[in-house]
Amino acid sequence: MLPTGVHSAKRRFGFSAAGVYGQRGGWQVGPLGIKHVVGSAVLVALISFRFQSGTAAEHLTSSEVEHANTALTQLLASAPGPLYAGAASQALPKPLGPRTLPPYALPKAKVLLIGQGGQVRAAIATVDTLHIPDGSQVVIRHTVGAIAELPPERVLVVANHSHAGPRLPGGLAMRLAYGDAEIKHAQLLNLFDVITRKALRQYEPARLGLAEAPMPNYVGGRAKGAQVSLDNRLRLALLQSEQQRTVLWSFAAHPTLVDRHHKEADGDYPARVAHLLQLEKDADEAIFLPGLTAQATPATVRQVDDYSALIASAVSGLIHLAANNTQPEANVQALEVEIDVNPALPIPLLGRPFVLAPWATARLGSTDQKVKLLQLGPLRLVALPGEPSHALMGSSAKTSWVVGMAGYGMGYLIPPEDAHRHPERDLVLLGASDAQRVKELVQILREGGTRRTGRQ
């Protein structure tokens, strides 16, 4: 039952699904008439416009550098101990709406639990989808954390960034661009509850091995007119226990071989690679972590099944290399590092540098600006809430991966000179100074040392 005041307002102004009506019907020009509504909307839009200047600082301050190094100290504080791991996965539910699931290589949700001895110390949770908005991240992190007895901030949540993957509940801008949600939060909660419990049953002593190899012919630039550097290395971490072989692998080629309007909700080439590795019994679980995907796309072979077969073959070879050099002990830790940046949502119709005010980025469904760190023995993951590029971030080593979580808190992280180029330009949310500051922070966290900055 509506409050008396609401009924009174409805009788007086005639609110309806069609618009604002007076007592006699028809559009009115009064205080709540159409002209007032349109005029107010225009005024709000004009107030929201601003220049994309970012924060005042062009470089990290000395206190920010100190904060980053303190985080590294905490990350490496624990002594190595017996490594434990357990992983599990499950197919995502049938999407709400008209789309169906593919006949094989189903898009999945996955959980990897890692720790020292019987104590789980970190987790990686992935979904074969384009984007994991804030609300879905909260559901996943708290569900996995509660069952594994972990603080939520130690659960790294990553989308494989398949453009055709099932859509999660997101902000207005993402719904307008891609369509309504196809999976509900209640389904996510139940799904990750089941998967995390399965992963706990697999949790046991494991050995860790690393391997990598260049794949220059299978990743290329996708921004027209841009001469960009690309990360062409395929990276792999093997976790081998008595009953399970789990593979973490990372590559920079953007998973866009299956169109986002495809009739099936598809996990693109990462889902197919996992399927092939399981068929060939090379891995029980294969978890993909997107690398420096901005400006990068699959190259040479553009048919998704053929491309997947080639990548799966390369991953299989790296598994055998990694298995020849494993270690039973590791330090395991995860934490977050904050950075003060000022994102803003571009308005393509007006051209740059006019943008909506910062609050508008919430319409994407993602406001996360924290950098996530996960240390697994010699391997360090530096995960960003956006899509970083090799041209901006530079090269990663075998023991230090930069991962794009495919959230949009920071948008595309690319060089300023390429910010106007399609297709990245509509989601370049940071100004040049903020992008530089994120780059400096990543370099400190990835390389583990203090860097000189331009502002003290």
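Rule-based calculations on the coordinates, nothing more; no lab input. Small disclaimer: the values here were computed from a predicted structure and weren't measured. So basically every Cβ, Gly included, is an ideal-geometry build from the backbone, and we count neighbours across all protein chains shown.
Can you find, among 102, 117, 130, the residue sitting farthest towards the positive end of the charge dipole of region 94-166, where Lys and Arg contribute +1 and Asp and Glu -1 at Cβ?
Among 102, 117, 130, the one farthest towards the positive end of the dipole of region 94-166 is 102.
Using the Karplus curve 6.51 cos²θ - 1.76 cosθ + 1.60 with θ = phi - 60°, work out ³J(HN,Hα) for each residue of region 180-195 in order, rounded to whole Hz, and write x for Gly and Pro.
5, 4, 10, 9, 8, 4, 4, 5, 4, 4, 4, 5, 6, 4, 5, 5
What residues have an amide H closer than 5 Å to that of residue 283, excluding those fewer than 5 places away on the same chain, when H is modeled at 1.01 Å from N in the peptide plane?
Those qualifying (amide H under 5 Å, at least 5 residues apart or on another chain) are 278.
Starting from the amide H of residue 296, placed 1.01 Å from N in the peptide plane, find each other amide H under 5 Å away whose residue is 5 or more places distant or on another chain.
Long-range HN contacts for residue 296: 222, 254.
Can you figure out the FRET efficiency of residue 324 with residue 73, using R₀ = 41 Å and their beta-carbon distance, to the nearest 0.05?
My answer for the efficiency is 0.80.
State which entries of 108/263; 198/370; 94/370 exceed 27 angstrom in Cα-Cα distance in the structure shown.
In this structure, 198/370; 94/370 exceed 27 Å between Cα atoms.
May I ask for the Kirkwood hydrodynamic radius of region 392-450, worked out over all distinct Cα pairs and given in angstroms to one decimal?
Answer for region 392-450: a Kirkwood hydrodynamic radius of 12.3 Å.
Which residue, 185, 155, 210, has the largest displacement toward the positive end of the dipole of region 85-211 when charges sit on each Cβ (Lys, Arg +1; Asp, Glu -1)?
My answer, from the dipole projection, is 210.
Can you check what the Kirkwood hydrodynamic radius comes to for region 209-346, Cα pairs only, in Å to one decimal?
Kirkwood hydrodynamic radius for region 209-346: 16.6 Å.
Over the C-alpha atoms of region 86-201, what are the Rg and the largest Cα-to-Cα span, Dmax, in Å?
In Å, with Rg to one decimal and Dmax whole: 14.0, 47.
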